[in-house]
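Chemist: Before I ask anything, here is the structure I am working with.
The values are calculated or read from the model by the stated rules, or taken from the named source; none is laboratory data. No experiment lies behind these values; they were computed from the predicted model shown. When we count neighbours, we look across all protein chains shown, and the Cβ atoms used for this are built from the backbone with ideal geometry, even at glycine. These area figures cover heavy atoms from the full protein model, side chains too; ligands, DNA and RNA do not enter into them. Shrake-Rupley method; radii C 1.70, N 1.55, O 1.52, S 1.80 Å.
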Amino acid sequence: MSRLIVAGIAALVCFAALGSAGTGQQRRPLKLDRRGEPYAETATSFDCSKATGRVERMICGDRILAMQDGAMGESFGLLKRNLPAAQRSAVVQSQRAWVAGRDRCAERQCVEDAYEQRLKELGRMSDARLRYLRRNVVRVGQCETTRIQSIGPRLQRTEGDPPSGTSVTLTDGVSVVSYDRIAAIISSHVGDPALVCLMSVPQGCPPGDARGRVYRVTNLRTRRQWQLPDAEHECGGA
């Protein structure tokens, strides 16, 4: 499996709460088989019981294609959610054009290649948008007033599993994560005003890998505070 597919699967885990790719349907909980891998029929961004066309049926019957589709759907949902209305329409149109192109594929390799290319394109657009949103907190010591956009566990849960860690996303593009259940975060609400400050930036990172920035966030409603990194590992790590 290529590094790009692995990156896409990581996006699927991180953004599972977001909407699907163009169908408007809510994603179902991801179910795992005995090997701990997603079943193909639950990994996709669309409902496989309603699959139409040869390519959709091919995706639903292929674990790798299904996971690529799920990762693509999560990446698209994240991008669309973070774009202003003026830019959202163009991205939606480009997604529809991509789906139409994917559906013209005559063989499996064509479908896999289409997903790899689209994941790369969506990744570039998402990175650019998040960098723009974080423009006021790019230097150590900079602070910005923002709001809490989402609160969740560190990893996506399957039904019946206890929460694992904590994660928070802010409307200015900053997100932080912890292996622990942080009480100050759990007591927060989506929409709460917050002050976020950049506290440290990792040094000597490989090009394009800036993981490990540490932010201090103060919930301005509860006055509770936490200081966490934006990734589970620093740049260059796993």
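Chemist: Send over a whole-number figure in Å² for the accessible area per residue of segment 129-238, probe 1.4 Å.
Modeler: Details: 5910 Å² over 110 residues.
Result: 54 Å² per residue.
Chemist: So how far apart, in nm, are the two label points at VAL99 and VAL201 if each is 7 Å from Cα heading toward Cβ?
Modeler: Roughly 3.9 nm, to one decimal.
Chemist: Rank-order 188-197, 164-173 by packing density, defined as the average count of other C-beta atoms within 10 Å over each peptide's residues, highest first.
Modeler: Numbers: 188-197: 16.1, 164-173: 20.2.
Final packing ranking: 164-173, 188-197.
Chemist: Here's something else I'd like to know. Contour minus end-to-end for GLN109 and ALA128, with contour as 0.36 nm per residue of separation and end-to-end as the Cα-Cα distance? Please report the intermediate quantities before stating the final value.
Modeler: On the way: separation 19, 0.36 × 19 = 6.84 nm, distance 2.90 nm.
The span from GLN109 to ALA128 would gain 3.9 nm if fully extended.
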